[in-house]
Amino acid sequence: MKKLFFFLLLLNSHSLWSQEKIQEIPIDLDTFIKGAKENDPQLGTVIAERLRAKYLLDLNLPTRQILLSVQNEYGFTRNEDKTAVLGATLTKPLLESGTTLSVGKTLTDRPDRTEDLTQFRIEQSLYRNAFGSQTRDIMKNLDLQKSVVELQVVEAYEDYIERVIHQYLDLTLTYLSFQASQRLHKESQLLLKSVNDRKAKNVASNTDVKRAKLQTALRQEDELQTKANLESISLGIARIIGNNKTEILIPQTQLIMEDRLNNIDQNIESFLSTSRSRIIYDKQVLVADANIEIARENQKPTANLLAGFNIDKSSRFGTSINREEAVIGINIDIPFDDSLTKARIKEASYLLLKSKLAKKSFDNAIKESLYVIRNKILRQREQLQISKDKRDLAAQIVQEETKRYKVGRITLENLIQDKNIEAQYEFAYLAELTNLNKLIVQWLGLTDKLVESLPVDIAVTNR
């Protein structure tokens with residue numbers, strides 16, 4: 001009863017499809033990938049990581065801004081006139097050289113005097129960040145981190161493309177299964193016609209006719225189910241590529257990735273030295289090591305040389321002062337028991353150890369993954385050939401048994417059983433072919449052959 005209800009439901013769905021006249025749209029892999037790149041928000045999330053690399057330097061370096069500081073004060077007493085102070089200072093740091101330039105002017109108006117002081121200053125670091133050495137080291141380290149982020153984006157993009165190709169392979173498998181079910185349904189209809197003709201000649205029995213009808217119904221049920229699967233996966237893919245229409249996507253490529261598998265027996269050890277992921281881990285170790293040296297540098301005292309010029313145009317007790325003087329000096333800061341810097345050194349040491357262990361774990365994992373996938377591909381090739389032989393032999397058997405049935409040498413039940421075996425092997429072959437292609441795609445992803453670099457047409461947009 002449940003089977004009959006499901007069959008009627010599929011028939012009803014088929015009538016709905018016929019009424020809606022769903023359009024079949026051809027799509028190849030390149031078109032699918034292009035549509036996904038333009039419309040899939042998941043890709044936008046991946047590529048958005050590039051923004052982090054773009055602003056990495058500015059976020060982690062001292063500011064380069066030109067700073068204008070303005071001071072304005074008023075003082076009041078009961079018996080004397082008010083006092084007023086107005087000052088402005090313009091400051092500009094030069095990060096690469098560890099230099100700070102400043103110019104300032106202060107006007108002071110008090111009951112007993114007025115002051116007009118102009119100051120020019122150059123402050124040069126001599127110890128700890130001597131002549132900008134520490135800042136330049138930080139910049140080099142940040143450039144290294146930036147390159148890590150860029151490589152990670154390429155890795156994430158490659159993972160995305162791998163998922164996209166897997167979806168296309170699933171679409172291809174579903175479509176080929178639908179084609180096979182259509183062919184099998186037509187063959188069952190021809191068999192039913194043949195049995196009816198034999199029944200009219202009193203060669204076939206009523207039971208034979210019923211068996212042929214049941215076979216036709218089962219094949220029709222398979223066709224409707226595979227068409228429903230095709231429609232479902234088409235709608236899912238259509239959303240990814242930004243197509244909101246009700247369409248069935250027809251893959252134009254029976255995707256065979258075998259031609260891209262040039263050197264599966266390559267030396268895995270030599271590949272590791274050029275692996276994109278390995279380069280990322282190597283750079284992360286260098287970044288962590290540099291962070292320790294940068295943290296240790298902050299334990300040192302600071303010594304800054306000051307040089308400048310003052311212009312004093314003041315008036316005190318009615319006497320004018322016009323004075324110009326050169327200024328030279330030194331500022332020294334000596335940290336004692338800096339617990340924060342000590343903690344940062346410990347943290348940097350821990351992160352270095354963690355980076356080294358992650359690199360070692362990756363080396364072990366990638367070797368194992370490469371060998372496992374390589375062996376799976378070799379076994380899957382053999383399995384695919386076996387499935388192909390089984391499919392071809394089953395088809396030959398059905399062809400020969402059909403001839404024998406026509407001359408009454410076998411029963412219809414035996415012929416239907418052979419046809420069911422043929423269908424089973426047909427679908428199994430398509431599944432094995434898809435599995436092989438997916439393994440090859442996975443191998444290409446592991447060996448950085450699926451994506452060489454980030455395409456120039458990839459941009460962060462409001463998706």
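Read-outs throughout are calculated quantities, based only on the coordinates presented, and are distinct from any laboratory measurement. Since this is a predicted model, take the numbers as computed values, not measurements. Neighbour counts run over all protein chains shown; Cβ positions are idealised from the backbone, glycine included.
General observations
- Principal-axis tilt of helix 339-406 within the chain, Cα atoms, nearest 10 degrees: 10 degrees
- Angle between the chain longest axis and helix 276-297 axis [Cα atoms, degrees, rounded to 10]: 20 degrees
- Directionally averaged projected area (region 52-186, Cα convex hull): 16.8 nm².
- Space enclosed by the convex hull of the alpha-carbon atoms of region 295-335, per residue, Å³: 91 Å³
- Within straight-line cross-link reach of residue 193, lysines at Cα separation under 26 Å, skipping those fewer than 8 residues along the same chain: 3, 201, 210, 213, 227, 403, 406, 419
- Among 185, 166, the ranking by other beta carbons within 10 Å of each residue's beta carbon, starting with the fewest, stands as 166, 185.
- Region 148-210 - Debye-derived log10 I(q)/I(0), Cα point model, q = 0.21, 0.22, 0.27 Å⁻¹: -0.83, -0.86, -1.00
- The convex hull drawn around the Cα atoms of region 343-463, when projected onto a plane and averaged over every direction, covers 14.9 nm².
- Excluding the site residues themselves, the longest part of the chain lacking any chymotrypsin sites (Phe, Trp or Tyr not before Pro) in a DSSP loop with at most 10 other Cβ atoms within 10 Å is 77-316.
- For residue 365, the shell of other residues with beta-carbons less than 14 Å away shows a net charge of +2, using +1 for Lys and Arg and -1 for Asp and Glu.
- Residue by residue, region 111-126 carries 3J(HN,Hα) couplings of x, 9, 6, 10, 10, 9, 10, 10, 10, 10, 9, 10, 10, 10, 6, 10 Hz when phi is fed to the Karplus relation 6.51 cos²θ - 1.76 cosθ + 1.60 (θ = phi - 60°); x denotes Gly or Pro.
- The chain: angle of helix 133-200 to the longest principal axis, Cα-based, in degrees nearest 10: 10 degrees
- Percentage relative contact order, the chain, counting C-alpha pairs under 8 Å, at least six apart: 21 percent
- Along each principal axis, taking the top coordinate minus the bottom one, the Cα set of the chain gives 140, 53, 36 Å in descending order.
- Per-residue 3J(HN,Hα) values for region 206-221, derived from phi via the Karplus relation 6.51 cos²θ - 1.76 cosθ + 1.60 with θ = phi - 60°, read 4, 5, 4, 4, 5, 4, 5, 5, 4, 4, 5, 5, 5, 5, 5, 4 Hz in sequence order (x marks Gly and Pro).
- Lys, Arg +1 and Asp, Glu -1 on Cβ, resulting dipole of region 84-241 about Cα centre, debye, nearest 20: 1200 debye
- Across the cross-link table entries 283/449; 140/359; 146/346, which are compared at the Cα atoms, there are no separations over 29 Å.
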